[in-house]
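Structure, as structure tokens:
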Amino acid sequence: MAQPAARHPHEAASSYERHRPEETVLYRTLAAHWAEFCERAEEAGGLPRFVQREVDEYLRCGLLEYGCVRVGCERCGFERLVAFSCKRRGFCPSCLGRRMSDTAVHLVEKVIPEVPVRQWVCSLPWRLRVLLGYDRRLCADVLEAFVVELSRALRRRAKKMLDLPAQARAQTGAVSVVQRGDSALRLNVHFHVLALDGVYVRDAAGKLGFHALAPPTTDEVTEVAVRTAKRLQKVLARHNRLLEDGTVDPSPRTEQLALSALVGAAASGVGLAGERAGKPLLRVVDPEKARAHERVGESLGVNVHAEVAVPARDRARLERLCRYVCRPPIAQERLVEVVGGKLRYLLKKPWSDGTVALVLEPLDLCARIAALIPPPRFHMVRYHGVLSSHAKLRSEVVPKLEDNTPKQLALFEQDRTVLAPEPRRKPWAWLLRHVFQVDVVTCIRCRGATRLLEVATTPEPIAKLLAKHGLGPRPPPPRAAPQGQLRLAFSTA
């Protein structure tokens, strides 16, 4: 593809630049090795259709030759091409980045009231993570077990502080987000719950009021972990996943054997290809960066962390926290190529032993990505208590929306306003301006308004647009040399 044009002398630093995924290490690795990975997985029954479709759509995301639109300036006639996105929810950093920002704005403006909020993080035993990786019903029941115990703990503390006649008088609310991975790209299904740091109680006059609670002590956090672990025993028994010795049975009970094997390897952190097949991945360790463990409540492998809290009126900090819990599973800026065709993935924070990065084979990266993709029809964001859609008190709790009269939306400039009803979700242009201070509807040359001129979705119109702008289709990626036998172990015990 032709090189991007030089920056115009009047182009603003915050102007829009087309996303070029083909220049990233993540895209180049998948483009070169994904076909080989699928071929080897066929020996074990093949990958599910939703996994293949997720990666195939990512390899088309942001590329002009798979569809684009032509936009132009109404004042000076400057034109540019904008590629289509895949809009998937599995691992695409670009599309999940937009979903992250959109969800965060929605939660802050329309869901979470102006009260203190505390983040509760629940991590689970690794054997259970294997099951939650592909069993969406079990994952939903495990999350519900943790939220029920968290709500019970808040109500119990409120009953004691407010001298309530019964815990049922106190109403709690929370938003939970299911995160499938950790900073090491391991399958680590865990839950981030943004719980209202207090309770709602209706007084004798019928007025609903919020009462903030004191920060939980270490003993109170530990009690939530202990009671969650006990409740999980009942959940696992109901799903026939509890062994006689009280441990979790992680054996795959699905026809998708290849996926369950990848999930087990991704959860345990072992390699699948090269000289580290079946062994833990190589790590880059810096002893000077070792850090102490944070205080958490723990019981039978269930860890609960509750140190992060946001004050009632700090909505900007709350939005940052919402973006954090909804973040994409892969940070492609931390993925780099090293000598020998291997990859190095930098950790967000050093581990307690000083580990700062992991070394992966390209096929290992493909396996981790396949395990991180969520199954279809599984809700990653859920609402509980007074914030759930069916709650009777929800209309009295969530931020009040203005009436449906037309509202002036000053999106980019003070002299450019749009008189229209506020949409259900924020448009893409608004999100880019809000998060990245990037203006996509203003010409980079004369600062005039831009408009849509042409849409190309079939090969012939796409080829004409590319030729008109001096671009051409990219050649297919080179086929990588085989890396040896892919080791798929179907027993995670």
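The values are calculated or read from the model by the stated rules, or taken from the named source; none is laboratory data. Every value quoted in this text rests on a predicted model; they were computed, and no experiment measured them. Using ideal geometry, Cβ is built from the backbone for each residue, glycine included, and neighbour counts are taken over all protein chains shown. Please note that ligands, DNA and RNA were not included when accessible areas were found on the heavy atoms of the full protein model with its side chains. Shrake-Rupley method; radii C 1.70, N 1.55, O 1.52, S 1.80 Å.
Residues in the stretch 173-181 carry Karplus couplings, in order, of x, 7, 10, 10, 10, 8, 9, 8, x Hz; the curve used is 6.51 cos²θ - 1.76 cosθ + 1.60 with θ = phi - 60°, and Gly or Pro positions show x. What the phi angles of the stretch 61-76 give under the Karplus curve with 6.51, -1.76 and 1.60, with θ = phi - 60°, is a coupling list of 5, x, 9, 5, 6, 9, x, 7, 10, 10, 10, x, 7, 6, 9, 9 Hz, glycine and proline written as x. Can you tell me how the stretch 17-99 classifies by the Cα gyration tensor, rounded, prolate or oblate, using a/c under 1.5 as the rounded cut? Verdict is prolate for the stretch 17-99. Within the stretch 75-94, what residues put their amide N at less than 17 Å from the label point 7 Å along the Cα-to-Cβ vector of residue 452? Label zone hits: 80-87. The alpha-carbon of residue 159 sits under 20 angstrom from the alpha-carbons of these lysines, leaving out residues fewer than 8 places away in its chain: 207.
Taking amide H as placed 1.01 Å from N in the peptide plane, residue 271 has its amide H under 5 Å from the amide H of 278, 279, 281, each at least 5 places away in sequence or on another chain. Label-point separation (nm) for residue 238 and residue 82, each offset 7 Å from Cα along Cα-to-Cβ? Label at residue 238, label at residue 82, 4.6 nm between them.
What a 1.4 Å probe finds exposed on the stretch 56-100 is 44% carbon and sulfur by accessible area, rounded to a whole percent. Summarise the long-distance tail of P(r) for the stretch 208-275 by giving the % of C-alpha pairs beyond 16 Å. Percent of Cα pairs beyond 16 Å in the stretch 208-275: 70. Across 149, 361, 307, 454, the residue with the most accessible area heads the list, and the full order at a 1.4 Å probe is 307, 454, 361, 149. Distances between placed amide hydrogens fall under 5 Å for residue 78 paired with 73, all partners being 5 or more residues away or on another chain. Dipole magnitude for the stretch 38-103: computed about the Cα centre from +1 point charges on Lys and Arg Cβ and -1 point charges on Asp and Glu Cβ, it is near 340 debye.
Dipole orientation for the stretch 107-261: of the candidates 261, 239, 108, 239 has the Cα lying most toward the positive pole (charges on Cβ; Lys, Arg +1; Asp, Glu -1).
With a simple spin-label model that places each label point 7 Å from the Cα along the Cα-to-Cβ direction, the separation between residue 290 and residue 308 comes to 2.6 nm. The charge dipole of the stretch 22-147, taken about the Cα centre with unit charges on the Cβ atoms of Lys, Arg (+1) and Asp, Glu (-1), comes to about 300 debye, rounded to the nearest 20. In order along the stretch 199-212, the Karplus-derived 3J(HN,Hα) couplings, from 6.51 cos²θ - 1.76 cosθ + 1.60 at θ = phi - 60°, round to 9, 9, 9, 8, 7, 5, 7, x, 8, 8, x, 9, 10, 6 Hz, and Gly and Pro are given as x.
Between rounded, prolate and oblate, where does the stretch 86-227 land on the alpha carbon gyration tensor, with a ≥ b ≥ c its root eigenvalues, rounded for a/c under 1.5, else prolate if a/b exceeds b/c? In terms of gyration-tensor shape, oblate. Using the 1.4 Å probe convention, the accessible area of the stretch 102-188 works out to 33 Å² per residue with neighbouring protein chains retained.
If we count every other residue with Cβ under 9 angstrom of residue 190's Cβ, Lys/Arg +1 and Asp/Glu -1, where does the sum land?
+1
Scoring 259-270, 308-319 by mean Cβ neighbours within 10 Å over their residues and listing the highest first yields 259-270, 308-319. Normalising the average separation of contacting C-alpha pairs (under 8 angstrom, six or more residues apart) by the number of residues puts the relative contact order of the stretch 312-389 at 16 percent.
At R0 = 41 Å, how high is the FRET efficiency between residue 156 and residue 60 if r is their beta carbon distance? Nearest 0.05 is fine. Using R0 = 41 Å, I get an efficiency of 0.20. Close amide H partners of residue 173, meaning residues 5 or more places away or on another chain with modelled amide H under 5 Å apart, are 196, 386.
Per atom type, the stretch 319-365 shows carbon and sulfur on 52% of its accessible surface, probed at 1.4 Å. Distance from the Cα centroid of the stretch 95-144 to that of the stretch 335-368 is 25 Å (rounded to whole angstrom). Assuming a ≥ b ≥ c are the square roots of the Cα gyration tensor eigenvalues, decide whether the stretch 60-144 counts as rounded (a/c under 1.5), prolate (otherwise, with a/b larger than b/c) or oblate. Oblate, since a/c reaches 1.5 and b/c is not below a/b. Applying a threshold of 22 Å to the alpha-carbon distances of 110/392; 279/342; 87/426; 87/464 flags 87/464 as lying beyond it.
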